[in-house]
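For reference, the structure discussed in these notes is given below.
The values are calculated or read from the model by the stated rules, or taken from the named source; none is laboratory data. Keep in mind it's a predicted model, so treat the numbers as computed, not measured. When we count neighbours, we look across all protein chains shown, and the Cβ atoms used for this are built from the backbone with ideal geometry, even at glycine. Note: accessible area is taken over every heavy atom of the protein model, side chains too, but ligands, DNA and RNA are not part of it. Shrake-Rupley method; radii C 1.70, N 1.55, O 1.52, S 1.80 Å.
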Amino acid sequence: MSSPKRYWLMKSEPSDFSIDDLQRVGTEPWTGVRNFQARNFMRQMQVGDGVLFYHSSTQVPGIYGLAEVACASYPDPTQFDRKSKYFDEKSTREEPRWSLVDVRYVRHLAKPVPLDLIRTQVDSLGEEFALIRRGSRLSVLPVTAAQWKILLGLEHKA
DNA sequence: GCCAACGTTGGC
DNA sequence: GCCAACGTTGGC
């Protein structure tokens, strides 16, 4: 018995890891999230959940592809790796602070949906939508089924 | 528990 | 590169 499919948006800087990179590797552990809210969302994820792959800090920020959650959350191994920039000395194997999921490539969008187009849909998306909420920097955030539909509806209008 | 300092995110 | 906004840390 599985619960209804849920949806998320995950940000990545394409210079670091892009939708092209995800296509190349197929599945990727989403390492390096060091924000408690984002971590908590990943802990709620289930296999098959839909993911909007968002490119941030780039010339045209926006949604560039679709992915899906490939496994339940587990401890982010980089938190234990002294050589990693994500190493966290406060974390222990017994009580890991940071979790992640693996993300699997689904497809590129026919045309990316840029942030400025997304902003024009604030009335239907809702002002509380974290992606367009003023000052929000959350890198992993929930998307409702209605928002998912609206955002993908923009794919061919971009 | 407050809050200043600091580091980071991410649009522009 | 700038900077506004935010989250976290740590002194008190």
Checking the structure you have, find out if any residue of segment A:72-93 is charged (D, E, K, R) and under 14 Å from the mean Cα position of the chain (by Cα).
no
Counting only residues that are among the charged types (D, E, K, R) and under 23 Å from A:SER18 (Cβ atoms), which one in segment A:109-158 is least open to solvent (accessible area, probe 1.4 Å)?
A:GLU155
Report, by residue number, each residue of segment A:46-61 that is assigned to a loop (DSSP other than H, G, I, E, B), among the hydrophobic types (A, V, I, L, M, F, W, C) and within 13 Å of DNA strand B (Cβ to nearest atom).
A:VAL60
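For the structure I just gave you, tell me whether A:THR120 is in contact with a strand residue (DSSP E or B) (Cβ under 9 Å, 6 or more places away or on another chain) and hydroxyl-bearing (Ser, Thr, Tyr). Lay out the reasoning, then the answer.
On the way: in contact with a strand residue (DSSP E or B) (Cβ under 9 Å, 6 or more places away or on another chain): no; hydroxyl-bearing (Ser, Thr, Tyr): yes.
For A:THR120, the condition - in contact with a strand residue (DSSP E or B) (Cβ under 9 Å, 6 or more places away or on another chain) and hydroxyl-bearing (Ser, Thr, Tyr) - is not met.
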Given the conditions (1) under 20 Å from A:SER12 (Cα atoms); (2) away from DNA strand C (no atom under 16 Å from the Cβ), which single one is not true for A:HIS55?
(2)
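Confirm whether A:ARG43 is closer than 17 Å to A:LYS5 by Cα, part of a strand (DSSP E or B) and open to solvent by 60 Å² or more (accessible area, probe 1.4 Å).
Values: closer than 17 Å to A:LYS5 by Cα: yes; part of a strand (DSSP E or B): no; open to solvent by 60 Å² or more (accessible area, probe 1.4 Å): yes.
No: the conditions fail for A:ARG43.
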Return yes when A:ARG93 is open to solvent by 50 Å² or more (accessible area, probe 1.4 Å), modelled with pLDDT under 95, basic (Lys, Arg) and closer than 23 Å to A:GLN44 by Cβ and no when it is not.
yes
How about segment A:127-144: which of its residues are more than 11 Å from DNA strand C (Cβ to nearest atom) and within 19 Å of the chain's Cα centre (by Cα)?
A:GLU128, A:PHE129, A:LEU131, A:ILE132, A:VAL140, A:LEU141, A:PRO142, A:VAL143, A:THR144
Given A:TYR74, A:TYR86, which one is at pLDDT 95 or above, farther than 23 Å from A:ARG134 by Cβ and open to solvent by 20 Å² or more (accessible area, probe 1.4 Å)?
A:TYR74
Segment A:87-109 residues that are among the hydroxyl-bearing types (Ser, Thr, Tyr) and assigned to a loop (DSSP other than H, G, I, E, B), paired with ones that are open to solvent by 30 Å² or more (accessible area, probe 1.4 Å) and at pLDDT 90 or above (beta carbon under 6 Å, 6 or more apart)
A:SER91/A:ARG97
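If a residue has to be assigned to a loop (DSSP other than H, G, I, E, B) and either in contact (Cβ under 8 Å) with a residue 24 or more places away in the chain or among the aromatic types (Phe, Trp, Tyr) (or both) to count, how many in segment A:1-22 make the cut?
Keep residues of segment A:1-22 that are assigned to a loop (DSSP other than H, G, I, E, B), which gives A:1-6, A:13-18.
Going one step further and asking which of them are either in contact (Cβ under 8 Å) with a residue 24 or more places away in the chain or among the aromatic types (Phe, Trp, Tyr) (or both), we end up with A:2-3, A:5-6, A:13-15, A:17-18.
Total satisfying the criteria: 9.
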